[in-house]
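The values are calculated or read from the model by the stated rules, or taken from the named source; none is laboratory data. Here the structure is a predicted model, which means the values were calculated and not measured. Methodologically, a virtual Cβ is constructed for each residue, glycine included, from the backbone with ideal geometry; neighbour enumeration extends over all protein chains shown.
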Amino acid sequence: MVIVDDTFEQIGAMLHPGKTVRKRTVAGTLKYYYGVMALPLVISLALVFTLGKGSLPGMFNTSLDIVAVGVALFYLVVIPLWTLLGALVAHVIGANFLQAFKGRYSDTLSGVTYGQLAFAPLIWLVALSMRIPLLGMLLIMVLGGWAFVVEVIGVAKLNKASRASAFAVAISSGALVWIAVYVVMMIVLSSGFYNPYYFG
């Protein structure tokens with residue numbers, strides 16, 4: 001079964017990223033992403049409706065329908081688009097500016113995707129730990145840190161580059177993407193297009 005095979009491959013990438021990661025086409029990487037995310041998405045949606053309104057802090061104190069739609073959009077749209085953009089910026093920097101990457105964009109995308117998915121098999125733990133905010137924050141920090149390590153190792157191997165180069169590319173590309181997002185948000189907010197009163 002594809003979903004099971006992809007999930008076990010991702011677990012292997014989390015434990016031994018230098019041995020497990022492999023090249024895919026862009027379409028193949030997106031297919032792999034959705035295969036790994038399928039089960040975590042179902043579990044996350046089940047947790048939303050099982051835990052119920054008001055049982056979790058922050059954004060969960062709202063309509064379950066809105067939360068469910070938000071969770072689905074985050075997994076199915078936001079993360080894939082973020083990964084595609086981040087991998088593009090990383091590959092341009094690594095291949096063109098630093099001239100450290102010898103692979104193609106699809107290779108960089110595969111490595112970045114392994115990193116983005118490093119938390120996926122355990123995302124339900126993060127959701128449950130949100131009942132205890134300190135524990136939830138700790139889990140997010142640990143999984144986020146390891147996801148970065150998996151990404152660096154994966155990108156380095158698939159591009160036949162040193163891990164130091166992949167690390168430098170990851171830091172610089174991540175900073176550029178976040179700066180771009182910040183600038184766009186400031187433009188949107190200052191333009192008056194966004195009105196918080198629309199959301200109650």
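Identify all residues within segment 22-78 that are at pLDDT 90 or above and not in a helix (DSSP H, G or I); write none if there are none. 22, 23, 24, 25 - these are the residues of segment 22-78 that are at pLDDT 90 or above and not in a helix (DSSP H, G or I).
Applying the criterion of at least 1 residues that are modelled with pLDDT under 85 to the helices (runs of 4 or more DSSP H) found wholly in segment 87-200 leaves 123-129, 133-158, 163-191.
Across segment 15-29, the number of residues qualifying as under 24 Å from residue 74 (Cβ atoms) and either out of contact with any Lys or Arg (no Cβ under 9 Å at 6 or more places or on another chain) or among the hydroxyl-bearing types (Ser, Thr, Tyr) (or both) comes to 4.
Within segment 162-180, the residues that satisfy the criterion of being surrounded by 14 or more Cβ atoms within 10 Å (Cβ to Cβ) and over 16 Å from the mean Cα position of the chain (by Cα) are 163, 165, 166, 167, 168, 169, 172, 176.
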